[in-house]
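Written out below as structure tokens is the structure these notes cover.
The values are calculated or read from the model by the stated rules, or taken from the named source; none is laboratory data. What you are looking at is a predicted structure, and each value in this text was computed from that prediction instead of being measured. Counting neighbours? That spans all protein chains shown, and the Cβs are built from the backbone with ideal geometry, glycine included. Surface accessibility is based on the protein's heavy atoms, side chains included, excluding ligands, DNA and RNA. Shrake-Rupley method; radii C 1.70, N 1.55, O 1.52, S 1.80 Å.
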Amino acid sequence: MKLAGHLFLAAVMLFLIGPFVIICFAGLSAGESLAFPPEGLSLRWVIRVFEIESFRSSFALSLALGIGATLFALILGIPAAYALARYDVPGGEAIRNVLTAPIIVPGIIVGLALLRHLVIPSGLGVRLALFLAHSALLIPYAVRVVSASLENLRPDIEEAAILLGTSRIGAFLRVTLPNIRNGIMAAFIIGFITSFNEVPASLFLTGPGVATLPVDMLLYMEFNFDPSIAALSGLLALMSLTVVLVAERLLGLSHYV
Amino acid sequence: MSEPFLKLDDLTLAYGDSIAVDRLNFEMREGELVALLGPSGCGKTTTMRSIAGLMKARSGRILLDGRDITRVPANKRGIGLVFQSYALFPHLSVRENVAFGLRIAGTPADERDRRVASALSAVGLESFADRAPAALSGGQQQRVALARSIVMEPRLLLLDEPLSNLDARLRLGMRTELARLQRELGIAMLYVTHDQVEALALADRVIVMQGGAIEQIGTPEDIYERPASPFVAKFIGFENTFETEGDMLKGSAGPVPTGFAVPAGTRGLAWRPKSVPLGTGPHEGRIIGASYQGESVEYLLESPLGEVKAERPAAEPRHAPGTEVQFDLPLSGAVVLPNA
């Protein structure tokens, strides 16, 4: 019985980690086409990734988008989380539900709707559309994660700060903000990774020479079948893993998710 | 006597449409220690919050040292408040918690250090200055909260249920400490409590509140020995409190003769459980509960008056639950509640 349990656990772990291992090895191939097991080991495709111009520009776009949209989502989300946590907002429950809707609605629908009803009629630039779409998709994460850390904080410490002479804003900046700083950092990391890995909505929001990195990778694969795509996937997975591990070490990310 | 130090003048407080405190009036002298006593929901905490400026007054005025502070924002009133939860800043050390207000005020560093050190030594926490609040016990956290307030040298210090989160041994220590600080610093202190023992033991004067209004103001002796209303009598431990009409007590099942001539101008009569003899007297009841307390036995009786509590010395003959027993509510053991 116990052995069966262990076998089952091992199978699940293999299923979860297997693809990642396969991709990493495929990316280290010395051969010409994407295959597993690889035909010999080399770093040539890892180096090749950095030479492909479209990857460089889409990486830059995804990086800027991830940082920009997450910051914007936090700028809107922190006050929203604060208001929902501290005040008896009329219709607060409804607002909370609307704010979590983007997590429930499939991204492909969000992307199509944005393209059909916002980008095309308004002639909005693709970059701006991406920025707005990603911000909207990230607000729920910002609100939820910041709410979680606000709920762990007694509201009366702000009153205590006010009675010691500071203003309302001062109390928020001097007392509340330092205590939810870890929550905000956690929200930033979760938001950034979500944005960076987002495909369905971004798929519709492409233009000449403008695509996010995951979308660009899909486009690349339609015409090329070399191991560079696997090498890039491995690099991205390592990047995400590093960020999450560092965050877990420094902030205890798992408390907030 | 000079102007009162703190004066509430027809203060009315409300949450939306519900009035929490209705035209409250009281005064406090400089350096006085006053307790606001009442059950939860009586408006005592609301009153304290409005004195601190954390709640807006619907109408009426708050005067501090002759100055109308009703519209002065909380951060400009110079009133200290020790929260029931202590409300320490979790990201700052004990020393930085205490220094917080002085930093806001821009006090020079050397003076700040000196005042923080003296506040910490006043509460006996010098050696804990570099700890985080979370690493302290409840009693120590409360002393930090106290130091954080007194370092600002407030003229008035408000305390919300200062002893309620402490265990019995710490309570006694804290009570002594508060009284000592109050004597040494001469700060007027107003504290809110629902515990009559706490109010009586610490305060110069006690204000009993109920339903958003004051029931009685007096010294602890006044309150304990001469309650002014049936509510105060009940709240302070006269568990057998009945309103009167002529020579009749108003029982839950109709009027019951007292068996003596009730003095004129009486509104009600109140007896502590200790003043109710069993086995003799004009009233009859059935024992529905008996609980042995060591020195004494506490009985709960069901009678035409309603429930009656009696406490008899353990040496007296016992009464088993379910038995019928006579009892007395003698005038000699009663407190007379006068007409308002």
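Listed values, structure above:
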item	result
Solvent-accessible area lost in complex, 20 Å² minimum, residues of the range A:179-224 relative to chain alone, 1.4 Å	A:Asn179
Global geometry of the range B:1-110, whether rounded, prolate or oblate, following the gyration tensor of its Cα atoms and the 1.5 cut on a/c	prolate
Residue-averaged 222 nm ellipticity for chain B, from DSSP H runs of 4+ at -39500 (n - 2.57), nearest 500	-7500 deg cm²/dmol
Once the Cα gyration tensor of chain B is diagonalised, semi-axes √(5λ) in Å	45, 24, 15
Accessible area that becomes buried as A packs against B, both chains, 1.4 Å probe, Å², nearest 100	1600 Å²
Share, in percent, of DSSP beta bridges within the protein assembly as shown that are antiparallel, nearest 5	75 percent
Loop-resident sites, the range B:250-340, for chymotrypsin sites (Phe, Trp or Tyr not before Pro), counting at most 16 other Cβ within 10 Å (DSSP)	B:Phe260
Dipole-positive endmost among B:Pro220, B:Asn75, B:Leu200 within the range B:6-230 (Cβ charges, Cα centre)	B:Asn75
Coil-residue chymotrypsin sites (Phe, Trp or Tyr not before Pro) of the range A:71-123, DSSP, other Cβ within 10 Å capped at 11	A:Tyr87
Selection of chymotrypsin sites (Phe, Trp or Tyr not before Pro), the range A:156-257, meeting DSSP coil and at most 14 other Cβ within 10 Å	A:Phe225
Per residue solvent-accessible surface (Å²) - the protein assembly as shown, probe of 1.4 Å	49 Å²
Dipole magnitude (debye, nearest 20) for chain B, charges at Cβ of Lys, Arg, Asp, Glu	1120 debye
Alpha-carbon centroids, the range B:14-30 and the range B:48-88: separation in whole Å	12 Å
Formal net charge of residues neighbouring B:Val262 (Cβ-Cβ distance under 14 Å; K, R +1; D, E -1)	-1
Reachable lysines from B:Lys76, criterion Cα separation under 17 angstrom, eight or more residues apart if same chain	B:Lys56
Mean Kyte hydropathy of 0.0 or more with a Cα span along the axis of at least 24 Å, helices from DSSP in chain A	A:2-27, A:53-86, A:126-151, A:177-197, A:228-251
Protein accessible area in the range A:53-255, 1.4 Å probe - carbon and sulfur %	69 percent
Partner lysines for B:Lys274 [C-alpha distance under 23 Å; skip if fewer than 8 residues away on the same chain]	B:Lys234, B:Lys250, B:Lys309
Cβ-Cβ FRET estimate between B:Ser40 and A:Phe8, R0 fixed at 60 Å, reported to 0.05	0.65
Cut-off under 5 Å, modelled amide H: who pairs with B:Leu158 long-range	B:Gly80, B:Leu81, B:Val82, B:Leu190
The range A:53-255 shape via C-alpha gyration tensor axes, a/c threshold 1.5	prolate
